[in-house]
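The values are calculated or read from the model by the stated rules, or taken from the named source; none is laboratory data. All of these numbers come straight from a predicted model, not from anything done at the bench. Cβ placement follows ideal geometry from the backbone for every residue including glycine, while neighbour counts extend to all protein chains displayed.
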Amino acid sequence: MTDFIAALAAPNQPEATFRTLEGLVDETIGVKLFTLMQIDRARGVAWRNYSNMPGAYPTSGEKPMQDNVWSEQVEGRHETFVANTIDDIAAVFPDHELIQSLGCESCINIPIVVGGQVIGTLNCLHVAGHYTPERVAASETLKQPGAIAFLLAAMTETTS
């Protein structure tokens, strides 16, 4: 099993913790494409601070926060978003063609909530139909390590 606690103590933060979190996510629910999006409410954007496919989804990527079905579910109600077909993904993500070209046709976006607000999301993508009810239930265990990783990243930003 991935040793998340050891990763926290490693140098090269937050990258070491993000990579270990990716391994934990893969062990727990499976993932092909994994990104972390951090929310910057002051600027009204969400920005990618980790990607296991930086060629397709670079860490420099950001997008304006939007008011839609996804944001109401994830940011408003703090509920995990699941789409298990490319059509379901296309209904909310304009980059669905890129997602499909990477061999992904299902996704789960896990909100990380601290102090009553979503501070970021764990974005996991895989083949069609991958995120079964059992995997969605198992994804709940990823919220605590996800919160620690996001808080570590914020701490690292302020001390750099």
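What to note about this one:
- Ala7 vs. criteria part of a helix (DSSP H, G or I), aliphatic (A, V, I, L, M) and touching a Lys or Arg at 6+ places or on another chain (Cβ under 8 Å): yes
- The set of residues in region 8-25 being over 11 Å from Leu142 (Cα atoms) and either touching a Pro at 6+ places or on another chain (Cβ under 9 Å) or among the aliphatic types (A, V, I, L, M) (or both) consists of Leu8, Ala9, Ala10, Ala16, Thr17, Thr20.
- Those residues of region 127-157 which are surrounded by 20 or more Cβ atoms within 10 Å (Cβ to Cβ), within 13 Å of the chain's Cα centre (by Cα) and over 18 Å from Gln73 (Cβ atoms), in sequence order: Pro145, Ala149, Phe150
- Contact map, region 1-21: first residue farther than 16 Å from Leu36 by Cα and in contact (Cβ under 8 Å) with a residue 24 or more places away in the chain, second residue aromatic (Phe, Trp, Tyr) and crowded, with 18+ Cβ neighbours inside 10 Å, Cβ cut-off under 9 Å, separation 6 or more or different chains; the map is empty.
- When Leu98 is tested against (1) in a helix (DSSP H, G or I); (2) under 19 Å from Ile29 (Cα atoms), only condition (2) is not met.
- Note on region 38-68: residues that are basic (Lys, Arg), part of a loop (DSSP other than H, G, I, E, B) and over 14 Å from Val118 (Cβ atoms) amount to 1.
- Considering residues of region 71-94 that are at pLDDT 95 or above, in contact with a helix residue (DSSP H, G or I) (Cβ under 9 Å, 6 or more places away or on another chain) and assigned to a loop (DSSP other than H, G, I, E, B) only, the residue surrounded by the fewest Cβ atoms within 10 Å (Cβ to Cβ): Glu79
- Close pairs from region 61-83: first of a type in the set (Val, Ile, Thr), partner surrounded by 13 or more Cβ atoms within 10 Å (Cβ to Cβ), Cβ under 6 Å, at least 6 apart: Val74/Phe81; Val74/Asn109; Val74/Pro111; Thr80/Ile110; Val82/Ile108; Val82/Tyr131; Val82/Val136
- Checking the stated criteria, Met37 turns out to be modelled with pLDDT of 95 or more and either under 14 Å from the mean Cα position of the chain (by Cα) or surrounded by fewer than 18 Cβ atoms within 10 Å (Cβ to Cβ) (or both).
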